[in-house]
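For reference, the structure is listed below as structure tokens.
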Amino acid sequence: MAMVFCVHGAVTGSFATRIPWIQDHAGVSAGQLGLALAFPAIGASLTMPLAGTVSHRFGARNALRGLLALWTLALTLPALAPNLATLCGALFLYGAAAGLSDVAMNALGVETENRIGRSIMSSLHGMWSVGALIGSAGGTLAAHLGTDARLHHAMAAAVLTALGLIACQGVLDLRSTPDEEAPPRFALPPRSAVIIGAVGFCAVFAEGASLDWSAVYLRDELGTSAGLAAASTTAFALTMAVARLVGDRVVDRFGAVRTVRWGGVLATAGGLLVVLAPHPALAVSGFGLIGLGVAVVVPLAFAAAARSGPRPAQAIAGVATITYTSGLIAPSAIGAVADATSLIVSFGLVTALAFGIILGAGVLRSARGERARSAPTTPAAPQDHTLTKPKS
């Protein structure tokens with residue numbers, strides 16, 4: 001599972017660092033770019049509910065293998081777009097593949113966590129951030145060398161598709177029995193998922209804004225080179241990776257509420273540093289603090305959602321829909337505010353939402369307490385009864 005998350009993250013990192021190149025190639029303004037960057041979340045939000053149906057029909061391993069391959073290959077699409085209309089269409093397909101594979105791998109990650117009887121979700125998301133770091137580092141080098149993003153993304157997609165197919169060989173192979181009813185294609189998320197998702201909304205807004213706009217921010221507001229601008233995305237991905245890799249131990253020691261609350265403090269401080277920074281190095285540090293602060297929020301939200309009701313996959317899809325809605329709003333909101341005022345004001349909005357994480361951290365208390373009380377000494381039985389292990 002760790003390699004699956006890593007491959008998924010590498011696609012995002014590879015794309016994010018080349019957004020300035022894609023913007024110039026498509027000839028779009030900041031506001032138009034913000035509109036286009038809303039389409040990945042639109043595509044994801046509309047297709048994520050289908051992930052459960054795909055897994056039910058083809059089995060968890062086969063579904064993940066196919067959906068992850070679609071995601072890695074979709075990396076090639078945005079850089080090919082010559083104008084706004086085609087960029088929006090490419091990003092819609094890119095987002096649809098992202099959302100389907102995201103839900104499939106998180107549901108399987110929670111099932112794996114349940115079976116081994118210990119917390120792994122933060123570490124799995126840490127591996128996603130490691131992948132994003134690797135992808136962004138490659139993108140930073142490509143941007144520094146002036147490499148055409150079409151060539152860069154074609155090469156990256158080929159490598160990541162091969163790695164993804166190999167990684168999927170080692171995941172759980174869960175299959176439905178013939179008499180089991182297929183899950184509904186579309187279902188409203190449970191109330192508990194909505195509440196938990198609100199905290200994730202704030203975190204994903206800050207995360208998405210930083211990933212998509214950090215390079216543009218340094219280039220346009222602080223006049224940096226393309227290579228240094230891309231390095232801000234790398235700094236963000238690096239701090240997220242480190243925080244998530246140690247996140248399970250931190251949460252076990254201090255609890256979800258305190259961890260998320262102090263994460264909100266760090267993210268708020270980072271947002272303020274970005275807004276007030278007179279020098280690129282300080283802005284890069286600010287993006288790093290934002291990454292550190294929001295790192296464990298989404299993994300904890302998914303884990304809490306999975307334990308909030310009898311159908312983990314439905315709850316995860318609910319939280320994922322809310323967080324992707326945040327991803328839908330973030331790029332367009334940042335672009336719209338930047339067009340009306342400036343990117344500095346846009347990241348003032350990011351800072352305000354980061355402060356919302358501090359205020360909302362308490363909603364994870366019951367889910368965390370439930371996990372602590374029910375932590376098994378032997379691997380737990382699967383909570384999602386729509387899937388069973390195949391016969392050997």
By how many degrees, between 0 and 90 and to the nearest 10, does the Cα long axis of helix 191-222 differ from the longest principal axis of the chain?
-> 20 degrees
Gain on full stretching of the segment that runs from Leu165 to Ala340 - 0.36 nm per residue minus C-alpha separation | 58.5 nm
Measure nothing but the geometry: give the 0 to 90° angle between the long axis through the Cα atoms of 256-276 and the longest principal axis through the Cα atoms of the chain, rounded to 10°.
-> 10 degrees
Working out 0.36 nm times the residue gap between Asn83 and Arg258, then minus their Cα-Cα distance, what length gain in nm do you get to one decimal?
-> 58.4 nm
When Leu218, Leu70 are ranked with the fewest other C-beta atoms within 10 Å first, the list becomes Leu70, Leu218
Output the relative contact order of the chain, whole-number percent, from Cα pairs under 8 angstrom with separation of 6+ residues.
-> 27 percent
Distance between modelled label sites at Val246 and Leu141, nm, 7 Å Cα→Cβ extension = 2.7 nm
Over all distinct alpha-carbon pairs, what is the Kirkwood Rh of segment 49-175 in angstrom?
-> 15.8 Å
Per the Cauchy relation, a quarter of the hull surface: what is the mean projected area of the convex hull of the alpha carbons in the chain, in nm²?
-> 17.0 nm²
Taking 0.36 nm per intervening residue step and subtracting the Cα-Cα distance, what contour gain separates Asp24 from Arg191 on full extension?
-> 55.8 nm
Identify the residues of segment 48-77 with backbone N under 12 Å of a label point that sits 7 angstrom from the Cα of Arg115 along the Cα-to-Cβ direction, or state none.
-> 60-61
Where Lys and Arg each count +1 and Asp and Glu each count -1, what net charge lies around Leu75 among other residues with Cβ under 12 Å from its Cβ?
-> +2
Histogram of C-alpha separations across segment 195-263, 5 Å bin width, % = 3, 15, 19, 20, 17, 11, 8, 5, 1
Using only Cα positions of segment 244-357, each an equal point scatterer, no hydration layer, compute I(q)/I(0) via Debye at q = 0.10, 0.11, 0.12, 0.23 Å⁻¹ and quote the log10 values to two decimals.
-> -0.35, -0.42, -0.50, -1.26
Once every DSSP H run of n ≥ 4 in the chain is given -39500 (n - 2.57) and the sum is divided by its residues, what mean residue ellipticity at 222 nm do you get, rounded to the nearest 500 deg cm²/dmol?
-> -26000 deg cm²/dmol
Most exposed to least, judged by fewest other Cβ atoms within 10 Å, Glu207, Glu221 sort to Glu221, Glu207
Using every alpha carbon pair in segment 27-79, what percent of pairs falls into each 10 Å bin from 0 up to the bin containing the largest distance?
-> 20, 42, 25, 11, 2
Which order do Val284, Val257, Val319 fall in if you start with the one that has the fewest other Cβ atoms within 10 Å?
-> Val257, Val284, Val319
What is segment 207-293's relative contact order, in percent, from Cα pairs under 8 angstrom and six or more apart in sequence?
-> 37 percent
Calculate how steeply helix 2-16 sits against the longest principal axis of the alpha-carbon atoms of the chain, using the helix alpha-carbon long axis, and give the answer as 0 to 90 degrees to the nearest 10.
-> 20 degrees
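None of the figures in this text is laboratory data; all of them are computed from the coordinates on show. Bear in mind that the values here come from a model prediction, so they are computed numbers and not experimental data. Cβ sites come from the backbone with ideal geometry, for glycine too, and all protein chains shown count toward neighbours.
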